[in-house]
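Engineer: My structure is below; once you've seen it, I'll send some questions.
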Amino acid sequence: MEITYKTIMNKIPFLLLLLCLFTNCSKDSSDGNPTTYDYLYPTDEASITAAQIGNGTGTLDPKGITIANEKLYVANGNVLEVFNAVTLAHIKTITEYKKGTTTIALSEITSVAVDNGRIYIGSRESRLFVIDENTNAGISTVGNGQWWQTFVHVFGVVVKDGLVFVKEKETSIKVFETSQITETSEWNLKPIAKLNTLNGFDQVYALDVEAGNLVVAGRDAKSYLYYDIAGIKANAAASLTEPLKPVVSAFDAKPIAVSFSKDWAVTSENVGNVNYLRIYPKAQFMARNFTASLNVSDVLGVNPFGSIVSVAQLNDRLFLSDNTNKKIRVLKLNKATIAEQD
């Protein structure tokens, strides 16, 4: 993630104290030199609302989001919206899966992932739609829309390194290989492995892959869930009988969303009635050291966050799927240094 840098020199540490109310500051000092404080802080840049879609008379019910090739994909009720992630202009609305003579209307879209030229769209109607990223033509569907077939709902999806991870109802994540899904594959694919999320029901779930691990924001388990992908592969057959459990650590909030960039783990977390945006150094987060470099529930004291069900990043921009306020909040992530003169 690219970060905008600023340097502020001031003998009066008022700004530092103000900013440290909502973020964790780090400092360096040595004899004879100023004490320097580094901190991250977000600023509001823009928002995406229903008014920017089509003729502006529709609705925006944002759930899972992702960014690929400078396009922002938003699960919006019964459709998938596509925006330019740089200009924020609306590009198109995808309303159906179409392959040859088969047309299936999208409905109750919860999640979306893009990988290797394919868009994977998760539906609460117990389907995973797979379409071509460039043409949007249908490739295949996994699940036939009936409970207790392939899926019982789909509440989250992430795809990476040849694997598809699908969070369904209750405590289940099913794992497929991307090579199983072809233009001639059937809907009733069998997973190669199953994972246990300890707790879980019917909310949108966020998942991402980093450093050889699947990481899940386990909102119902009140913990981040870490699954070693090498371990999943090694124990795949046995996991179909007894799903693999994650590594967890004690946590003081309810994780809602997680996404990784080059340096950071960007998350949303809930404590009581307060919703937080938190950013952790990625290596520390993967080591389950949860000391946030940014910890805010609003932007500079105003515009508190609603329920952020998904997050995405492009350079120094953060995209927050604020389902409570029915919009995508676009923030700029800044890094500043304060040097306090002796």
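The values are calculated or read from the model by the stated rules, or taken from the named source; none is laboratory data. Because the structure is predicted, anything quoted here is derived from the model rather than measured. Heads up, the Cβs are rebuilt from the backbone with ideal geometry, glycines too, and the neighbour counts pull from every protein chain shown. Please note that ligands, DNA and RNA were not included when accessible areas were found on the heavy atoms of the full protein model with its side chains. Shrake-Rupley method; radii C 1.70, N 1.55, O 1.52, S 1.80 Å.
Engineer: Taking only protein heavy atoms into account and a 1.4 Å probe, give the accessible area per residue of the chain in Å².
Structural biologist: Values: 14980 Å² over 342 residues.
Accessible area per residue, the chain: 44 Å².
Engineer: Round to a whole number: what % of the accessible area of the chain belongs to carbon and sulfur, probe 1.4 Å? It would help to have the intermediate numbers written out before the result.
Structural biologist: On the way: 7130 of 14980 Å².
Ligands and nucleic acids excluded, carbon and sulfur give 48 percent.
Engineer: Still on this structure, please answer the following. Just the projected area, averaged over all directions, of the convex hull on the alpha carbon atoms of the chain: how many nm²?
Structural biologist: 18.3 nm²
Engineer: Calculate log10 I(q)/I(0) of the range 182-276 for q = 0.17, 0.20, 0.24 Å⁻¹, where I(q) comes from the Debye formula with a single equal point scatterer on each Cα and nothing for solvent.
Structural biologist: Summing over Cα pairs of the range 182-276 leads to -0.82, -1.03, -1.26.
Engineer: Find, to one decimal place in angstroms, the Kirkwood hydrodynamic radius of the range 76-221, where the mean of 1/r is taken over every pair of different Cα atoms and then inverted.
Structural biologist: About 15.4 Å for the range 76-221.
Engineer: Now for a different question. For the range 256-266, take each phi angle, set θ = phi - 60°, evaluate the Karplus expression 6.51 cos²θ - 1.76 cosθ + 1.60, and give the result in whole Hz per residue in order, putting x for glycine and proline.
Structural biologist: After applying 6.51 cos²θ - 1.76 cosθ + 1.60, I find 10, 9, 8, 8, 10, 10, 4, 10, 10, 9, 9 Hz.
Engineer: In nm, to one decimal, how far is the modelled label at Thr291 from the one at Thr102, with both set 7 Å along Cα→Cβ?
Structural biologist: 5.3 nm
Engineer: On full extension of the chain, what length is gained from Lys262 through Lys92, given 0.36 nm per residue of separation minus the C-alpha to C-alpha distance?
Structural biologist: Result for the pair: 58.3 nm of gain on full extension.
Engineer: Tell me, what is the 1.4 Å probe accessible area of Ile192, in Å² to the nearest 10?
Structural biologist: 50 Å²
Engineer: Given the options Val266, Ala336, Ile104, identify the residue whose Cα lies farthest towards the positive end of the charge dipole of the chain (+1 on Cβ of Lys, Arg; -1 on Cβ of Asp, Glu).
Structural biologist: Ile104
Engineer: When the dipole is taken about the Cα centre of the range 211-342, and only Lys, Arg (+1) and Asp, Glu (-1) are charged at their Cβ, what size is it in debye, to the nearest 20?
Structural biologist: Computed charge dipole of the range 211-342: roughly 380 debye.
Engineer: Here's something else I'd like to know. Could you give the semi-axes, largest first, of the ellipsoid that matches the range 112-179, computed as the square roots of 5 times the alpha carbon gyration tensor eigenvalues and rounded to whole Å?
Structural biologist: Semi-axis lengths for the range 112-179 are 19, 13, 9 Å.
Engineer: Further, regarding this structure: When Lys and Arg each count +1 and Asp and Glu each count -1, what net charge do the other residues less than 13 Å away from Phe83, Cβ to Cβ, add up to?
Structural biologist: Net charge in that neighbourhood comes out at +2.
Engineer: Please list, ordered by chain and number, the residues whose modelled amide H lies under 5 Å from the amide H of Asn144; skip anything fewer than 5 residues away on the same chain.
Structural biologist: Thr150, Phe151
Engineer: Same structure again: How much length would be gained if the chain were fully extended between Lys233 and Ala46, taking 0.36 nm per residue of separation minus their Cα-Cα distance, in nm to one decimal?
Structural biologist: Between Lys233 and Ala46, full extension yields an extra 63.1 nm.
Engineer: Stick to Cα atoms and the Kirkwood definition of Rh, then tell me Rg/Rh for the range 202-342.
Structural biologist: Taking Rh as the inverse mean 1/r over Cα pairs, Rg/Rh reads 1.02.
Engineer: Now for a separate question. For the range 262-335 and the range 126-198, what is the centre-to-centre distance using only Cα atoms, to the nearest Å?
Structural biologist: Cα centres, the range 262-335 to the range 126-198: 28 Å.
Engineer: Additional query: Given +1 on the Cβ of Lys and Arg, -1 on the Cβ of Asp and Glu, and no further charges, what dipole in debye does the chain carry about its Cα centre, rounded to the nearest 20?
Structural biologist: About 380 debye.
Engineer: Further, regarding this structure: Residue-wise, which Karplus ³J(HN,Hα) couplings in Hz belong to the range 100-114, taking 6.51 cos²θ - 1.76 cosθ + 1.60, θ = phi - 60°, and x for glycine or proline?
Structural biologist: Going residue by residue, I get x, 8, 9, 10, 10, 5, 5, 8, 6, 6, 10, 7, 8, 9, 10 Hz, with x marking Gly and Pro.
Engineer: Further, regarding this structure: How many nm is it between the label spots at Asn134 and Glu177, if each spot is 7 Å from the Cα in line with the beta carbon?
Structural biologist: 2.6 nm
Engineer: Tell me, what is the Rg over Rh of the range 275-338, with Rh the Kirkwood radius over Cα pairs?
Structural biologist: When Rh is taken as the Kirkwood radius, the ratio is 0.97.
Engineer: Something else now. Between Asn188 and Lys335, what FRET efficiency follows from the Cβ-Cβ distance if R0 is 51 Å, with the result rounded to 0.05?
Structural biologist: Computed FRET efficiency for Asn188 and Lys335: 0.55.
Engineer: Treating the range 181-222 as a set of equal point scatterers at the Cα positions, no solvent, please give the Debye-formula log₁₀ I(q)/I(0) at q = 0.18, 0.35 Å⁻¹.
Structural biologist: So the normalised log intensities are -0.75, -1.20.
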